[in-house]
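Encoded as structure tokens, the structure appears first; notes follow it.
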Amino acid sequence: MTTIAPPVVRTKEPTRSSGGRSGSVVWMALPAFLWFIAFGIVPLLGVLWLSFTTWNGIGEIVPSGLDSWKATLQDPKLPHAIWVTFVIMALSWAVQTPMSILIGVFIAARKRYREFLAVLFFIPLLLSSAAIAITYKSLLDPSFGLGSGLGIEALNQDWLGNSTLAMATLIFIVSWQFIPFHSLIYQGAVRQIPTSMYEAAQIDGAGRWKQFWSITLPQLKYTIITSSTLMVVGSLTFFDLIYVLTAGGPGDATRALALLMYQQGFQANLMGPASAIAVILVLVGLGLSLLLRRLGGRSDDSQLEGA
Amino acid sequence: MTRHSPSPTVSGTPDSRRRHRAMSYNWLGGGLSWVWLFIVMLPIYWIVITSFKTQDNYFFTNPLVPSSDLTFENYKTVIENDFVRYFFNSVVVTLGAVLPAVLISFMAAYAIVRGSASRLLRGMNWIFLMGLAIPLQAVIIPVYLIIIRLKMYDTLAAIILPSIAFAIPLSVLVLSNFIRDVPKELFESMRMDGASEWGTMWRLAFPLTRPALVTVLIYNALGIWNGFLLPLVLTQSPEQRTIPLALTAFQGQFGVNIPAIAASVTLTTLPIVLLYAIGRRQLLSGLTAGFGK
């Protein structure tokens, strides 16, 4: 998204067609706009409103001031869920980013078999999180899974029954699911680095490793930020995978924010506190994207277009 | 959005080829890529071969070796358990959401590019961009409330309506970036010929945007086909199950019958893999163009 026309034309150009005739195109944007307002923006405001009410999901919605917020903020489940979310976010980022960059650089080379790798790498992205969770649940089952079938002791752990192992397994499955995607992002970005930069470095006698550190990595800066934003903000919303894989367990070892919200709202029928958690989720997500954008040091428009 | 990357099979300019020949092999990246490929393929391989084993066979054979006598028994079990209905539900939800979503997103994208002088359209575009940051999970409770109030709870339409909305922001972004690349002169000449904006949209922008439309179509279809939260929250009866929910139901139902579970996973994934095989090039180049830089 580098070279195109400036995103917004601010100068007045009365002779251009768009100036005098824009009235005739506005209505074309209305269906999408109204639909998005109805099912995107209204719910966003609605969740804030619901966080100041008491509602069991079926009956009357009763305004109740700060009750839901007090209940949520005093609930020890909240800090734990925030911690779990943070651990998932940090570890999955730390595992995925270096691997995605290295794989991305490798498959960026224009060779047939590496193109083929890229094709196969796309497959995990096609599967639903439910299918992935069920596959791994069966695969890792201590009595019926791969470990017991092969008779390899080290593989035959209670992968999802032990708190630490369950978290590690979750991080692994997240990486399994998303490293290929981020590798493809890096592949695209590496291909945009001008070949002349490498040629100049080669004339200077820089080896592959030196070139990687002094050309590839700095050139990937914005891609790293885009990819990290997707990873970090995306990890806030892991729900399907955890819901099917561990349902937050064992105990509450993998109960992240999104899952806590679902359980409070749709299982404990406490829609008010669940809405408060949802608001926290939105705020954390927004805060993190702004933070990462600041790290990137780009203007609002271009960063959003890159996201 | 630069449509830089040529189609994946083009093997590069002479320049880049020379560069790679001169360099030593990238052992670290190469090793890692092959190891990761193995890790990616292993569960997929396992689930496919397991789906063709009988339950007895499964317990007594090496889990990584395909069974010598293939059985389709597991697939029969899955199909007999209402698979066709779930599949049909997923098709209805996916098509019912993706087609209108892409259509109205295309219209909005066209308006945003053509009417970029209009303050109103700039505002709408800004809201769509902000919309990219709204996670579905965070607004699921009000969406649930709206669906109850519309008396649509436990219908397929309940899944379709919000699915359309959440497909809009990214579709508008990708499509408007493509339309923006259409040379201004083409629009001008359409105008000279007396074409209306409506006509210009369909006769000029639509054909030129086709690659982006296909990308957006496949991308959204994938997300909706695999969607879990909306069906989970907005439906309850087995008749309205879509495929991902059905999978979890199968898992509960089949218990330790791992081959049957494997067959259900394989069967539900097959249609998307076929779709991918058909639209792969579009999707890959579209995504790398969209996220590249």
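Readers should treat all values here as calculations from the given coordinates under stated rules, not as data from a laboratory. Source: prediction; values computed, not measured. Virtual Cβ from ideal backbone geometry, glycine too; neighbours counted across all protein chains shown.
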Inset, instruction - Take the alpha-carbon centre of segment A:112-165, take the same for segment B:22-89, and report the distance between them in whole Å. - result: 10 Å
Legend entry - Shielding by partners - mean other protein chain Cβ count within 10 Å, residues of A:177-189: 4
Inset, instruction - Within 10 Å of each Cβ in peptide A:132-140, how many partner chain Cβ atoms are there on average? Round it to a whole number, please. - result: 6
Legend entry - Per-residue mean of C-beta atoms belonging to partner chains within 10 Å, peptide B:105-115: 6
Inset, instruction - Would you mind checking which residues have amide H under 5 Å from residue A:161's amide H? H placed 1.01 Å from N; only 5 or more apart, or other chain. - result: none
Legend entry - Exceeding the 32 Å Cα-Cα cut-off - candidates A:137/B:76; A:111/A:221; A:77/A:221; A:111/A:210: A:77/A:221
Inset, instruction - Compute the projected area of the convex hull of the Cα atoms of the protein assembly as shown, averaged over all viewing directions, and report it in nm² to one decimal place. - result: 29.2 nm²
Inset, instruction - Just need log10 I(q)/I(0) for chain A at q = 0.14, 0.16 Å⁻¹, Debye formula, equal scatterers on the alpha-carbon atoms, no solvent, rounded to two decimals. - result: -1.21, -1.33
Legend entry - For segment B:75-291, with +1 on Lys and Arg beta carbons and -1 on Asp and Glu, the positive-most of B:167, B:190, B:155 along the dipole: B:190
Inset, instruction - Quickly work out the residue A:267-to-residue A:70 label distance, labels modelled 7 Å from Cα along the C-beta direction, and quote it in nm with one decimal. - result: 2.7 nm
Inset, instruction - Tell me what the protein assembly as shown gives for mean residue ellipticity at 222 nm when only DSSP H runs of n ≥ 4 count, each as -39,500 (n - 2.57), the sum divided by the residue total, rounded to 500 deg cm²/dmol. - result: -21500 deg cm²/dmol
Legend entry - Dipole magnitude (debye, nearest 20) for segment A:160-307, charges at Cβ of Lys, Arg, Asp, Glu: 220 debye
Inset, instruction - Kindly rank B:40-47, B:242-249, B:203-210 from highest to lowest mean number of other beta carbons found within 10 Å of each residue. - result: B:242-249, B:40-47, B:203-210
Legend entry - Coil-residue chymotrypsin sites (Phe, Trp or Tyr not before Pro) of segment B:63-167, DSSP, other Cβ within 10 Å capped at 14: B:72
Legend entry - 5 angstrom amide H check on residue A:54, placed H, neighbours 5+ away: A:62, A:64
Legend entry - Electrostatic dipole magnitude of chain A [Cβ: Lys, Arg +1; Asp, Glu -1; Cα centre; debye, to 20]: 1080 debye
Inset, instruction - Of the options A:118, B:61, A:260, report the single residue whose Cα projects farthest towards the positive end of the charge dipole of the protein assembly as shown (beta-carbon charges: Lys, Arg +1; Asp, Glu -1). - result: A:118
Legend entry - Binned Cα-Cα distances of segment B:75-291, short to long, each 5 Å bin given as a whole percent: 1, 7, 13, 15, 16, 14, 12, 9, 5, 4, 2, 1, 0, 0
Inset, instruction - Give me A:214, A:68 ranked fewest to most by other Cβ atoms within 10 Å of their Cβ, as a rough exposure proxy. - result: A:214, A:68
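Under a Cβ-only charge scheme (Lys and Arg +1, Asp and Glu -1), can you give me the dipole magnitude of the protein assembly as shown about the Cα centre, in debye to the nearest 20?
So the magnitude is around 2100 debye.
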